Amino acid sequence: MIDYYLSPNRNEPAAKAFLNKAIAQNGLPRKVVIDGSKSNYAAIDSMNVQLWLTGYFMLPLVEIDNIKYLNNIVEQSHLWVKQKTRQALGWKSMKGALASLYGREVWTMLKQEQIDVEGQTVFERFYALAV
């Protein structure tokens, strides 16, 4: 699973919020590939401790992979997010930033044919969503 979380801060509470969102949508992962951010490590360690204390000690803890090559592959798949967030400095609100990123994500899903509508071009599928 590859996901992103837009937050005004890049700290432990933001990392925890992202993990909670990802786990709610996809279930508990066995491994997580992250960059060198200390907030990500802290959030995953905190989650592992919380799992163990709440009685899930029978499950294996979430393993952290900090393999630069794997992280680069993950980062490349969402390069456009970084490009858009650089532009986000001009956005006046988080609502505007989210709307732009959601639209771009839908466009990417259409181009990669993750949303399948037979007999329509990518533009026709995108236009059908807009109207």
Taking R0 as 25 Å, what FRET efficiency do you get between R10 and V106 from their Cβ-Cβ distance, rounded to the nearest 0.05? 0.50
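If each residue of separation counts as 0.36 nm, what is the full-extension length gain between W52 and I23 once their alpha-carbon separation is subtracted?
8.8 nm
Since every read-out is calculated from the coordinates, none of them should be taken as a lab result. Keep in mind that what you see is a predicted model, and the values were worked out from it rather than measured. Here the Cβ is made from the backbone with ideal geometry for all residues, glycine too, and neighbour counts use every protein chain on show.
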